[in-house]
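The values are calculated or read from the model by the stated rules, or taken from the named source; none is laboratory data. All figures in this text were calculated on a predicted structure; none of them were measured in a lab. Note: ideal-geometry Cβ built from the backbone for every residue, glycine included; neighbour counts use all protein chains shown. Keep in mind that these areas ignore ligands, DNA and RNA; they rest on the heavy atoms of the full protein, side chains included. Shrake-Rupley method; radii C 1.70, N 1.55, O 1.52, S 1.80 Å.
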Amino acid sequence: MSPDELVYLGILAASIPVGFLFRYLSPPVKQGAALLLGLIISITTCGLHTLHSLCTVLGTWLIIKINWRSAPALSLGWTFLYLLFFRLVTWFGLPQPTPFANAIQLLLTLKMVSLANEIQSYHLEKKKEVSAFTKSPVVGGLSHEPSLYDIISYSYCYVGIMTGPFFRYQTYADWLHQSNSLSLPGKEPCLQRLKMVPVYGALFIAVNSVFPLSYVRTDEFLEHNYFYRLFYMVAIFFVFRMRFYSAWCGAEAGCISAGLGCYPHGALSKPGGGPTVKYSPDPNTAVEYDFKTIQNIDCYNTDFCVKVRHGMRYWNMTVQWWLHNYIYPNTPFRAYALRAGWTMLISAYWHGLHAGYYLSFLTIPLCIAAESAMEASVRARLGPMGQNIFDWIHWFLKMRAYDYMCMGFVLLKASDTINYWSSIYFIIHIIAVICIGVGQMMKGGKKRERRERGEGEKEDVVREKAE
């Protein structure tokens, strides 16, 4: 493991026992202590680069104060433009930010855009309440506009400051004002989330030592046979998954120990978004709680869901919620594949400026279009047994598609990504294009069949009338 990874591991490990201590604190003390701890982590790991995140927070606060109506769009523009500056600071003679500063900046960008949307919703609902003389039915809305101190406290809250998960301001506010923190579930769900982390960590270290990523960039790698080169991407994506499974399960455990994102099961919480319905528990029955709001990974469904589009739902789930609610609805396209492509473009930009991100993320819409074409033209015509076989093949190809796209994500450079993809003859791109072509041809054949059947039925009617 690299020194940076050891620092991440140390912060994650320390946050779990510390979280249990926060359950004993009153709201003001909890807010101040979480802010202080977050600032200590930020300043210790980032130094002066902490000023980048502070500028982002103050800029967003100013936008909200000046024009809350347009704050969502303006804050998105501000935070994303600052991301560009942040990544190009060396062009201006400034020192390169640390990887820790980059992690904080990424999560802060999500938080600030979400905050602007929450405050806009608060003001709009408040106006409706005044005009209609009724309380807003919106679930999970703010009860008051956050102060600058509240915004800074939310931004630098130690929980998930570097590793996520993303959570809305309302989730943070609910956490501060939990009335029964000590009685909420903690130890059992925390251990449940951590039980597989040693396995994921051991597999990450073991497989990474046998299949190092750096080997892909060597001339010796290209001398191996085609199937070895093809299998290598399977191993790389496996290492990639084990690394993030370990990190995100640990990050979720840090949230669970503190009680962040704990809501009644009946509130039907969404990862990232929180409760979706107003829930009033029956005083005569025991209330069940869950931590769905801060769930960032579903390891089983990531591996075993069938479709490419479904795979995205179970990976980095809180960020997927953010993209689905703040980016996807505002895309300038109607077709699902194009809307997904636009969303993936924004996601790639959020991750960084490396060409590998764009090559990988923009392959997703092609794969989605391919699977949609085959589902409509092939799977729809099959019986139960045929559909079951189709789904197994679909799952296998989905995993290979993510193996393939992962290579761009980890190799980063366009030249390295294209060199690897060309060494396996761009197999996923070719399969996707063939699937789209087959789907279109079979769709055309289906239309001809319906047209011919309709014409035949018309001729039968005419013949019957003539007789």
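Working only within region 262-316, note down all residues that are touching a Leu at 6+ places or on another chain (Cβ under 7 Å), of a type in the set (V, I, T) and under 18 Å from R193 (Cα atoms).
Answer for region 262-316, where residues must be touching a Leu at 6+ places or on another chain (Cβ under 7 Å), of a type in the set (V, I, T) and under 18 Å from R193 (Cα atoms): just I294.
Looking at region 231-289, which of the residues that are in contact with a strand residue (DSSP E or B) (Cβ under 8 Å, 6 or more places away or on another chain) and of a type in the set (S, T, Y) is nearest to T163 (Cα to Cα)?
The qualifying residue nearest to T163 (Cα to Cα) is Y245.
Tally the residues that are in a helix (DSSP H, G or I), among the hydroxyl-bearing types (S, T, Y) and in contact with a Ser or Thr (Cβ under 7 Å, 6 or more places away or on another chain), restricting the search to region 287-317.
1
Among helices (runs of 4 or more DSSP H) lying entirely in region 184-230, which contain 3 or more residues that are surrounded by 14 or more Cβ atoms within 10 Å (Cβ to Cβ) and under 24 Å from the mean Cα position of the chain (by Cα)?
Result: 187-194, 197-210.
Assess whether Q96 counts as being surrounded by fewer than 21 Cβ atoms within 10 Å (Cβ to Cβ) and either assigned to a loop (DSSP other than H, G, I, E, B) or touching a strand residue (DSSP E or B) at 6+ places or on another chain (Cβ under 8 Å) (or both). Reasoning before the result, please.
Working: surrounded by fewer than 21 Cβ atoms within 10 Å (Cβ to Cβ): yes; either assigned to a loop (DSSP other than H, G, I, E, B) or touching a strand residue (DSSP E or B) at 6+ places or on another chain (Cβ under 8 Å) (or both): yes.
When the stated conditions are applied, Q96 passes them.
Identify all residues within region 271-289 that are touching a residue at least 60 places away in the same chain (Cβ under 8 Å) and either surrounded by 15 or more Cβ atoms within 10 Å (Cβ to Cβ) or in contact with an Asp or Glu (Cβ under 7 Å, 6 or more places away or on another chain) (or both); write none if there are none.
Of everything in region 271-289, those that are touching a residue at least 60 places away in the same chain (Cβ under 8 Å) and either surrounded by 15 or more Cβ atoms within 10 Å (Cβ to Cβ) or in contact with an Asp or Glu (Cβ under 7 Å, 6 or more places away or on another chain) (or both) turn out to be P271, G272, G273, G274, P275, Y289.
Do any residues in region 84-95 that are closer than 20 Å to T109 by Cα have Cβ atoms under 6 Å from those of residues that are surrounded by 10 or more Cβ atoms within 10 Å (Cβ to Cβ), where the two are at least six apart or on different chains, and which pairs are they?
F86/H52; F86/Q105; R87/L353
Scan region 51-77 residue by residue and report those that are in contact (Cβ under 8 Å) with a residue 24 or more places away in the chain and either in contact with a strand residue (DSSP E or B) (Cβ under 7 Å, 6 or more places away or on another chain) or under 19 Å from W322 (Cβ atoms) (or both).
Of everything in region 51-77, those that are in contact (Cβ under 8 Å) with a residue 24 or more places away in the chain and either in contact with a strand residue (DSSP E or B) (Cβ under 7 Å, 6 or more places away or on another chain) or under 19 Å from W322 (Cβ atoms) (or both) turn out to be S53, T56, V57, T60, I63, I64, A71, P72, L74, S75, L76.
Got a sec? Which of V7, V29, V57, V18 is modelled with pLDDT of 95 or more and either open to solvent by 50 Å² or more (accessible area, probe 1.4 Å) or of a type in the set (S, T, N, Q) (or both)?
V29
Evaluate the following for L74: is it open to solvent by 30 Å² or more (accessible area, probe 1.4 Å), touching a helix residue (DSSP H, G or I) at 6+ places or on another chain (Cβ under 7 Å) and more than 16 Å from H52 (Cα to Cα)?
yes
Here is a list: I41, I64. Which entry is in contact with a helix residue (DSSP H, G or I) (Cβ under 7 Å, 6 or more places away or on another chain), among the β-branched types (V, I, T) and within 26 Å of A253 (Cα to Cα)?
Values: I64 fails: within 26 Å of A253 (Cα to Cα).
Only one candidate passes the filter, namely I41.
Where the second residue is loosely packed, with under 13 Cβ neighbours inside 10 Å and the first is aromatic (F, W, Y) and lies in region 22-38, which pairs have Cβ atoms under 9 Å and are six or more apart or on separate chains?
From residues that are aromatic (F, W, Y), the pairs are Y24/L182.
Please tell me if V306 is touching a His at 6+ places or on another chain (Cβ under 8 Å) and either surrounded by 15 or more Cβ atoms within 10 Å (Cβ to Cβ) or at pLDDT below 95 (or both).
For V306, the condition - touching a His at 6+ places or on another chain (Cβ under 8 Å) and either surrounded by 15 or more Cβ atoms within 10 Å (Cβ to Cβ) or at pLDDT below 95 (or both) - is met.
Would region 100-119 turn up any residue that is modelled with pLDDT of 95 or more and over 21 Å from the mean Cα position of the chain (by Cα)? Break it down stepwise before answering.
If we filter region 100-119 for residues that are modelled with pLDDT of 95 or more, which is where we start, we get 100-119.
Next cut, over 21 Å from the mean Cα position of the chain (by Cα) only: 119.
Taking every residue of region 100-119 in turn, at least one turns out to be modelled with pLDDT of 95 or more and over 21 Å from the mean Cα position of the chain (by Cα).
Please indicate, with yes or no, whether at least one residue in region 263-270 is modelled with pLDDT of 95 or more, buried (at least 18 other Cβ atoms within 10 Å of the Cβ) and in a helix (DSSP H, G or I).
Within region 263-270, none of the residues are modelled with pLDDT of 95 or more, buried (at least 18 other Cβ atoms within 10 Å of the Cβ) and in a helix (DSSP H, G or I).
Give me the pairs, please: first residue somewhere in region 142-154 and on the phi < 0 side of the Ramachandran plot, second residue anywhere and open to solvent by 60 Å² or more (accessible area, probe 1.4 Å) and modelled with pLDDT of 95 or more, beta-carbon distance under 6 Å, and either six or more positions apart or on two chains.
From residues that are on the phi < 0 side of the Ramachandran plot, the pairs are L148/W61; I151/W61.
Given the structure, is N330 farther than 27 Å from T363 by Cα and modelled with pLDDT under 95?
Judged against the criteria, N330 is not a match.
So how many residues does region 290-303 have that are of a type in the set (F, W, Y) and open to solvent by 50 Å² or more (accessible area, probe 1.4 Å)?
Result for region 290-303: 1.
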